[in-house]
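The values are calculated or read from the model by the stated rules, or taken from the named source; none is laboratory data. Nothing here was measured: the structure is a model prediction, and the numbers come from that model. We place every Cβ from the backbone using ideal geometry, glycine too, and count neighbours over all the protein chains shown. These accessible areas exclude ligands, DNA and RNA; they are computed on the full protein's heavy atoms, side chains included. Shrake-Rupley method; radii C 1.70, N 1.55, O 1.52, S 1.80 Å.
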Amino acid sequence: MADLYTRVLVDVSYAAGSAGYSGAGDEVLTLLQQGTHHEAAALLAWDRLLMRHRAIASAGYRAETVEQLGDRYVASEENRVVEAASGPVRIDDVPWYRETPMFLEVLAPEGFQDGMTTRLHRDDGSYAGMLHVSAADRGTFDRQAQDLVAALSTVMSRLTVVKRPLALLPPAPDGALVGVVDQFGGVNPVDGFHLPLAMADQRFHAVVARFLRSSSPAAVGLWPNGQRWASVMLTRVVDQGLHEATLVQETRIEQIPYGLSNRELDILAGMASGHTNRQIATFRSISVRTVTSHVESILRKMDTGSRATAVVTASREGLLRLDCAQAMT
């Protein structure tokens, strides 16, 4: 038994460390089964921006059950026990578990009488997700299975974080905020970086989705973060499942080129959208005279003789709002 335990430990660690290929999560669950003897398993990642769980891999559960084992489970009393524990928690460790709605409404109807759950954490100690395993017979998950999952929780957490393989992700500038948006709109952190502030804006996600549907390999532009602007680069990459995704790199702008003001950047975005001065004024609830004054100031500061030339120059130098910059590519 000790040899089996060691082999599973090594095999799962190796598979979890190879998160750059499609099916790594499924392979981890298959290898883990040799040591836990589970009949169903689900590996869930916590999306910190969208505040919800998403399935990395699952086997043996219906899709509806996997959904319930994410956000609903986290809100349950059972999860409080798991949160307080230092490792995996079995159903047999919680005497009242088989009387809970989660068990009676989700697990028991599928024929499961035994289960075990563990929380996963990133290297910085933050919550990364969880692993659930279930079986039909009580007593399936003994102490050795519990110890095995505890020993593997750190390496399994690697599957919940987007790594930064140099062959797939371009280097980020100093001080950049970096994240990856997958093809389903899920937000994924990148090791060593904080997530871009723009990712908290649902309008930004619409821009990213439009970019991924386009044929452009990259796009650069500005995005408003409160009272300040940030430069944002979108790059088409491949995620850990070998699917197309969008790498988002955000850097704070300390000084706007040409001495343009925040309002002038906003007016410039309106110009790039093809709006007249009156339309720009209407959309921003300001006077046409104010807009005209801003346009004249923009042309003077950028030393351009026309609106079209100013817009082309701004596009070339990444000074347009990202949604406007996309429209011009």
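At-a-glance table
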read-out: Filter result for the condition that a residue is over 37 Å from the mean Cα position of the chain (by Cα) and under 27 Å from Met233 (Cβ atoms), over Thr313, Thr309, Thr290; value: Thr309
read-out: All positions within region 284-329 that are open to solvent by less than 50 Å² (accessible area, probe 1.4 Å), not in a helix (DSSP H, G or I) and not β-branched (Val, Ile, Thr); value: Ser306, Gly318, Leu319, Leu320, Arg321
read-out: Lone unmet requirement of (1) open to solvent by less than 50 Å² (accessible area, probe 1.4 Å); (2) of a type outside the set (Val, Ile, Thr); (3) in contact (Cβ under 8 Å) with a residue 60 or more places away in the chain for His37; value: (1)
read-out: Close pairs from region 200-214: first under 15 Å from Val178 (Cα atoms), partner assigned to a helix (DSSP H, G or I) and among the hydrophobic types (A, V, I, L, M, F, W, C), Cβ under 7 Å, at least 6 apart; value: Phe204/Ala198
read-out: Tally, over region 94-150, of residues that are in contact (Cβ under 8 Å) with a residue 12 or more places away in the chain, surrounded by fewer than 15 Cβ atoms within 10 Å (Cβ to Cβ) and over 32 Å from the mean Cα position of the chain (by Cα); value: 6
read-out: Filter result for Val180 (free of Cβ contacts under 8 Å to residues at least 60 places away in the same chain, within 12 Å of the chain's Cα centre (by Cα), over 20 Å from Gly318 (Cβ atoms) and open to solvent by less than 20 Å² (accessible area, probe 1.4 Å)); value: no
read-out: Single residue of Ala206, Ala176 found to be out of contact with any strand residue (DSSP E or B) (no Cβ under 9 Å at 6 or more places or on another chain) and at pLDDT 85 or above; value: Ala206
read-out: Test for Arg158: is it modelled with pLDDT of 70 or more, surrounded by 13 or more Cβ atoms within 10 Å (Cβ to Cβ) and among the basic types (Lys, Arg); value: yes
read-out: Boolean, Asp71 is open to solvent by less than 20 Å² (accessible area, probe 1.4 Å), in contact with a Lys or Arg (Cβ under 7 Å, 6 or more places away or on another chain), in contact (Cβ under 8 Å) with a residue 12 or more places away in the chain and of a type outside the set (A, V, I, L, M); value: no
read-out: Residue within region 53-62 that is without any contact (Cβ under 8 Å) to a residue 40 or more places away in the chain and open to solvent by less than 30 Å² (accessible area, probe 1.4 Å) present; value: no
read-out: Qualifying residue in region 289-297 (condition: among the acidic types (Asp, Glu) and closer than 20 Å to Arg228 by Cβ); value: no
read-out: Residues of region 171-197 that turn out to be under 13 Å from Leu247 (Cβ atoms) and among the small types (Gly, Ala, Ser), as a count; value: 3
